[in-house]
């Protein structure tokens, strides 16, 4: 520590005490607690729409490529999007999820192909998924506001409340690199200040609708509206499974000591698994 | 030592001889596979790599068209979590099973492709990507 080098031991001790005494009131004032749930809290949840179970996301029919629901990009972004679409069509996707970082919003709603589970507990709703090494997203329902300066994250900071029978979620605090996706091979970073609102409603005994509005003023000419329909499954075969995004990068093997280890599998530039003897050299197959 | 383990060790031994591509890239677009030139050929199952985000069927084949004999990586378009809901399991095939595979090959000519369907020669059973009720089907 720089302090260690500059101050004698006794001075360091005094400084430490002063720092602790000075910071303690600040820490207390800035750390509101999560209260223990009461019977009334659980009763309130029991009377709300039942989101339990595992939900399969349905077709992406509300914003087919080129359809009326596609995002309206700013002109300078639209040009870049066209180039990305061209590369994808030519078999050279500029993969938006290739590095296994979390997808974040809105992809975890609009691009997701895996099951989703909502855990409703006092003060928060936890949304679990089967990607990103098992996705976890928190929606605070305890009335707290967004932080004034949230740490940017992939899924942002979400606060929610029930509006009649609809769960309304407001999210800010995204990393600017988080993509607004058109497909698994074409997406564009939100470039900052993205704001997402969602509305989740039960539309039948086992169906759910999630409407999402994405406002990204640095890349979109107007907020993008999309919707997803989910189907609920109660069968235990649908219970969420562990799903690591990186596991497929490795083969199970044994080291020289007989210990079980993972060894890397070679991949092509686009992320496809390759035969081990063709990691770097294309063969003379018919597609050259 | 099980046959499957021997297969994996053989694969690993091969891997030790070649440089490994540096990047780790799991979840990805399937644009590198060509759906306009589907292929169908006889092969022998090496292993079913039961991993997220894409399971991989490893098969060995003799000379196929202009492809040299060797091991093929056939990527399934989704994860074990979804495949299990479609009726697959990590034991759907086993090492040594003779199969007829149907794939969309990789555009650059390497022995890799997108798995479309496999028919078990012994029983005629067809393994294909199934559907999950109400869900958007994978590619």
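Any read-out appearing in this document is the output of simple, stated calculations on the displayed coordinates, not a laboratory observation. Just so you know, these numbers come straight off a predicted model, no measurement behind them. For neighbour counting, all protein chains shown are included, and Cβ atoms are generated from backbone atoms with ideal geometry for every residue, glycine included.
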>> Testing the spin-label approximation: label points 7 Å from Cα along Cα→Cβ at residue A:44 and residue A:83. State their distance in nm.
In response: 5.1 nm
> Applying 1/(1 + (r/R0)^6) with R0 = 45 Å to the Cβ-Cβ distance of residue A:151 and residue A:207, what FRET efficiency is obtained, to the nearest 0.05?
Replying inline: 0.80
>> Could you give me D for the range A:54-238, from Stokes-Einstein at 25 °C and 0.890 mPa s, where the hydrodynamic radius is the Kirkwood radius over C-alpha pairs? Units µm² s⁻¹, please.
In response: 144 µm²/s
> Which three lengths, in whole Å and largest first, does the range A:167-258 cover when its Cα atoms are put on their principal axes?
Replying inline: 59, 39, 23
> Where a ≥ b ≥ c are the square roots of the eigenvalues of the C-alpha gyration tensor, would you call the range B:32-128 rounded, which needs a/c under 1.5, or, failing that, prolate if a/b is larger than b/c, or oblate?
Replying inline: oblate
> What order do you get for B:32, B:39 when you list them from fewest to most C-beta neighbours inside 10 Å?
Replying inline: B:39, B:32
> Modelled label-to-label distance, residue A:70 and residue B:90, 7 Å Cα→beta-carbon offset: nm?
Replying inline: 4.2 nm
>> I'd like the mean, over residues of A:258-268, of how many other protein chain beta carbons sit within 10 Å of each residue's own Cβ.
In response: 5
>> With the crude spin-label approximation of a point 7 Å out along Cα→Cβ, what separation in nm comes out for residue A:126 versus residue A:52?
In response: 1.6 nm
> How big is the gap, in Å, between the Cα center of the range A:84-132 and the Cα center of the range B:41-88?
Replying inline: 24 Å
